[in-house]
1. Over 10 Å intervals from 0, what percent of Cα-Cα pairs in segment 229-310 sits in each interval?
2. Over the chain, with every protein chain in place, what whole percent of the accessible area is carbon and sulfur at 1.4 Å, could you tell me?
3. When the helices in the chain are scored as -39500 (n - 2.57) per DSSP H run of 4 or longer and the sum is shared across all residues, what 222 nm value do you end up with, to the nearest 500 deg cm²/dmol?
4. Work out Dmax and Rg for segment 234-278 from the C-alpha atoms and quote the Rg first, both in angstrom.
5. Express the C-alpha Rg of segment 102-254 as a ratio against the empirical globular expectation 2.2 N^0.38 Å, rounded to two decimals.
6. Roll a 1.4 Å probe over the protein chains and send me the accessible area per residue for the chain in Å².
7. Residues with amide H under 5 Å of residue 339's amide H, sequence separation 5 or more or different chain, H placed in the peptide plane at 1.01 Å from N; which?
8. With +1 on each Lys and Arg Cβ and -1 on each Asp and Glu Cβ, how big is the dipole of the chain about its Cα centre, in debye rounded to the nearest 20?
Amino acid sequence: MRIAHPASTVVARTDTNKEWPVRVRQRDIAYAAGVSQATVSLVVSGRASDGGVSPRTQERVRTAMVDLGYVPDPVAQSLRGGRSGLIGVFTYEPIFPATPDDYFHEFLVGIEVAAAELGRDLVLFSSTQRADGTRTIYDRGTNRLQVADGSVVLGQRRDEDELRRLAADGYPFVSLGGYDPVPEAAWVAVDYAAAVRSILADLHGAGHRRLAYVRGDDERLPSKARREAFAAATAEDETHRVTPSELSRELVEHWVRDGVSAVVAENPAVAESLAAAVSRAGLRIPDDLSAVCLERPLRSGRTAGWSHLVIPKHEVGSRTVRALAAILDGELPTDHHGLIRCLPHHLGTIASTGE
């Protein structure tokens, strides 16, 4: 039988003349089910059987919850140490990626899709920014992520001390991107080494042995991974390695005189600078120089048609969330490491040297 409680009745809001139901609380459920509030708390948290609550009483409590339209407060559950069903997303980037050309945008799409498929809600920790624009997990010494059962951590520059502390505290998290400085942390990453080896094999197969590599002016994790993979794959080649600030028409002309037949750009911004220098030298890609970008070029840039690596960002984001869910369910270890393969995608800017 449904039992009405004064606290669950409808009241009028005088400011809008609309009627809104008062939030149903656990004490209302206890009143309706004829049990203590402690019993309701055990049922809501999933610890009823361990707490000695009989199946019949549990059913009575659940019936009252349905009748009154009770919705558990996930934040309160988290603070009590229970599972909230929330997955956090924390980024060390100044803002959350929003534009399609942002490096992390597609990763976030994969995260959202996987969370929806798993029936989990996402919490974006957007209030963790300091006055200088950097972000911190431990604001005033407190772990801000604890409202969620576990979190995905992303960003091109990580705070190693914070992540070590997070791992030492036993808080479940998965780093989106390989992160060896904290080996006890779980991560899901792109296998850049295999991908770069593959695209270098295609360049070698087309006869290219003298290459120019333009790296970024940064030490971000993806940049370092591509840089190291290129160095390993070209150990026996003659290579010129420069930064964007060194690019010029004269340098490109010098490369061509020296027999360079292919250029490799580390990221989309570098590719645009490289394309501009090649154009100023009066050369064309791929007629005079073959070209590759080790990431998807800018969609609206002059390098949009360049050969490039296809990074399965959607899959990486999805797999990161699924790995976190499996860790929370005890199906994977807290130091799980996963690599996802990416493959070259050729759009015709690798030409044969005829050799």
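The values are calculated or read from the model by the stated rules, or taken from the named source; none is laboratory data. Since we're looking at a predicted model, the values are computed, not measured. All Cβ positions, even for glycine, are placed from backbone atoms using ideal geometry, and neighbour counts span all protein chains on display. Heavy atoms of the whole protein, side chains included, go into the accessibility calculation; ligands, DNA and RNA do not. Shrake-Rupley method; radii C 1.70, N 1.55, O 1.52, S 1.80 Å.
1. Spelled out per bin, shortest first, that is 18, 55, 26, 1.
2. Roughly 49 percent of what the probe reaches on the chain is carbon or sulfur.
3. My calculation for the chain gives -11000 deg cm²/dmol from helical runs alone.
4. 10.4, 29
5. Rg over 2.2 N^0.38 Å, computed on Cα atoms: 1.32.
6. 50
7. For residue 339, whose amide H was placed from the backbone, the distant partners under 5 Å are 189.
8. 1280
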